[in-house]
Every structure is written in C-alpha cells, then in structure tokens.
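Structure first, commentary second.
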Amino acid sequence: MDGSDTVVSGPVTYNRIEVTPIAGTMGAEITGANLADLDDETYGELYNAWLRYQVVVFRDQDITPDEQLAFALRFGKIHHHPYMKGMDDHPDILEIIKEAGDNYTFGAAWHTDQMFNPQPAKATMLYAKETPSAGGDTMFSNMHDAYNGLSDAMKEMLSDVKTWCVGDRFKLSGKSARQDRYGGNKAMASKVKDPGNLQTESAHPLFRTHPETGRIALYIGNHAQTFEGFNDAEAEPLMQFLRDHSIRPEFTCRVNWKPGTLTLWDNRCVQHYAVPDYNERRRMHRITIAGDTPF
Ligand code: SIN
C-alpha cells in the first residue's frame, strides 16, 4: 500500500445527488438528499461521496433528533463519549451549546474524535440548530494529503511508530480536567444501555490505513501525547512538526454554519477545529458513529 489515491480517484457519476467540492483538498456540499427520508440509492451515493470527499455538508435540513439518530444509525452503532452526557430525551445526541460570554469552546483544538479510545469514532455528524451571525465555523484538515506530503525518508523513519493517546489531562488542552468540567468520568455510562468501551488511553499507529478506501492517513491530533518507546526529548519535536504539518492551509477546508446545516466527517482521515471567534449563542446536535481498531 503506498497511500496513493487508488480507490477514490477517477470520475464518478451520481444520479440522485449533486456534489460540489468546497476546497481543493477535500470537502463537498451535497444537494438532492433529504436526510429525514432517504432511499437506499441516495444513501449509497452520499456514502460514496463521503468516502471520497471526507467531509460532506448538507444545507437546509429540517430534521428531528429521532430523524438525525435514524440517519446516524445507517452508518453504524453510536459511539458514546466517556466524559459528556447526552440529551435527557436523546442520550445518543450531545447538545453542544456555547452562550455569549462563555470562554470555553468545545473542540477548539485540532483533533480527531475519541482518538484516546481503542476503537475511535468512525464518523461525526454535527447538526446546527442555532448559529452566530458571523464566525463559529469548523475547520477540517485532510490527513491523507498530510501523509502524502511527507518525504519518503520521514515516512520510512516513522512507519512503525505508535502514538500514545490520552483523553484527559493531556498536555495541550485547557487547564481543567475534562472529567471535572463535564461532571464525572464515565458520565455517559449511566445514560445509555450499551455505552461500549469507554477506555480513555490507547496506542495507535501514527500512519493508519483507512479500512474502506485503503488510503493511508497521518493519524495525529491533540490527544496524541508521545510516541511509544521514545523519550519526550525525541518525540516532542517530531510530534510538533507533524502537528504543524498536518494543518497546513492547503490541506484544509472550512464549513460555515447556518441553522439546518448538517456536516458529516470521517475521523479516520480528518482532523477538525471549532473556531472560537464569536461571542453569541451557538447550539449544535452531535452524534458520533462507532469505529474499529486502527491498523
Ligand atoms: C467537535 O469538536 O466535535 C465540535 C466541532 C464544532 O462545534 O464545530
């Protein structure tokens, strides 16, 4: 496997949807899909477009929490967050609210979801309910292009490296521990019947192979703390280089939200960053889909 774009390159014809790229590296807006009522052919096309574009955006969707959950369940089981509680009446959905005057912005660091878990989230679906008049975008970075942008020497040197990933008290995040901020570790476990594996520390390959496309991605984000078997003095400069490299502007796209926008991204090959550049209410409904063990 050389990481080239074999599976998702070449022209594709869609019969049910229209796909408009939003950046050179990845990301597309999709029209022609009503997410509240999707037939199998339309779902199949949008799934393929999602694998190809990694981040897909649907505008003007009017869906209930039950309809969002039904759409999410087509992609797989729900992945539950170890630190955050879901909505009272829909524990599979996290409501992310930032009010005017709040200092903390959930997701305002480059990361890929639940990388600290042995089976990190496959996909995340975020649905905008209330949005600021300007700002509050989410940025995404293409980890296949980040991998392909490394020199052959760097790829070879790091080819067998594993990162050690931590979900709380990690070096690069804010000052308070997440289990204090969100009211208790394993909070979700009390809310759903089958919370799954809530482990919050794991090792993962630095270069992971996408299980569906076969493409290789640089798998890094703010949960990755060190390289297994390296001492800090060795690992930190390399990790800092990789973090900076992975978010080069040419690897990114950006989604601006309006109420009714739903964006779905592939955590196996995408990092994201919630831009904290606003001081108004923003309310989103977020569901994560369970993934498998990275290899
Ligand atoms: C997240 O990190 O999942 C939140 C992204 C956002 O709110 O824009």
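I'd like the full set of residues that are within 20 Å of residue 113 (Cα to Cα), of a type outside the set (Phe, Trp, Tyr) and in contact with a Ser or Thr (Cβ under 9 Å, 6 or more places away or on another chain), limited to the stretch 222-247.
Within the stretch 222-247, 222, 223, 224, 225, 226, 239, 246, 247 meet the criteria.
For residues in the stretch 91-126 being of a type in the set (Gly, Ala, Ser) and in a loop (DSSP other than H, G, I, E, B), which is nearest to the ligand (Cβ to nearest atom)?
107
Among the residues that make up the stretch 160-180, is at least one of them surrounded by fewer than 14 Cβ atoms within 10 Å (Cβ to Cβ), away from the ligand (no atom under 16 Å from the Cβ) and modelled with pLDDT of 95 or more?
yes
Going by what's in this entry, would residue 78 be described as within 11 Å of the ligand (Cβ to nearest atom), open to solvent by 10 Å² or more (accessible area, probe 1.4 Å) and of a type in the set (Val, Ile, Thr)?
Answer is no for this residue.
Determine which member of the set 185, 222, 231 is within 16 Å of the ligand (Cβ to nearest atom), within 20 Å of residue 165 (Cα to Cα) and modelled with pLDDT under 95.
Matching residue, one of 185, 222, 231: 222.
Out of everything in the stretch 278-291 that is under 11 Å from residue 122 (Cβ atoms) and part of a strand (DSSP E or B), what residue ends up being farthest from the ligand (Cβ to nearest atom)?
Ranking the qualifying residues of the stretch 278-291, first place goes to 289.
Taking residue 108 and the conditions (1) surrounded by 18 or more Cβ atoms within 10 Å (Cβ to Cβ); (2) under 22 Å from residue 165 (Cβ atoms), which numbered condition does it fall short on, given that it satisfies the others?
Failing condition for residue 108: (1).
Take the conditions within 14 Å of the ligand (Cβ to nearest atom) and either under 20 Å from the mean Cα position of the chain (by Cα) or in a loop (DSSP other than H, G, I, E, B) (or both) and apply them to residue 141. Does it pass?
In short, yes.
Only one of 129, 85 is basic (Lys, Arg), more than 24 Å from residue 222 (Cβ to Cβ) and either away from the ligand (no atom under 15 Å from the Cβ) or out of contact with any Phe, Trp or Tyr (no Cβ under 8 Å at 6 or more places or on another chain) (or both). Can you tell me which?
Every option except 129 fails the conditions.
Among the residues of the stretch 200-247 satisfying the criterion of being surrounded by fewer than 20 Cβ atoms within 10 Å (Cβ to Cβ) and small (Gly, Ala, Ser), which is farthest from residue 50 (Cα to Cα)?
233
Matching residues to (1) away from the ligand (no atom under 14 Å from the Cβ); (2) in contact (Cβ under 8 Å) with a residue 12 or more places away in the chain; (3) crowded, with 21+ Cβ neighbours inside 10 Å:
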| site | (1), (2), (3) |
| --- | --- |
| 250 | yes, yes, no |
| 257 | no, yes, yes |
| 263 | no, yes, yes |
| 269 | yes, yes, yes |
| 272 | no, yes, yes |
| 276 | no, yes, no |
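The values are calculated or read from the model by the stated rules, or taken from the named source; none is laboratory data. Owing to the predicted nature of the structure, the values given are computational and were not obtained by experimental measurement. Counting neighbours? That spans all protein chains shown, and the Cβs are built from the backbone with ideal geometry, glycine included. For accessibility, only protein heavy atoms count, side chains too; no ligands or nucleic acids. Shrake-Rupley method; radii C 1.70, N 1.55, O 1.52, S 1.80 Å.
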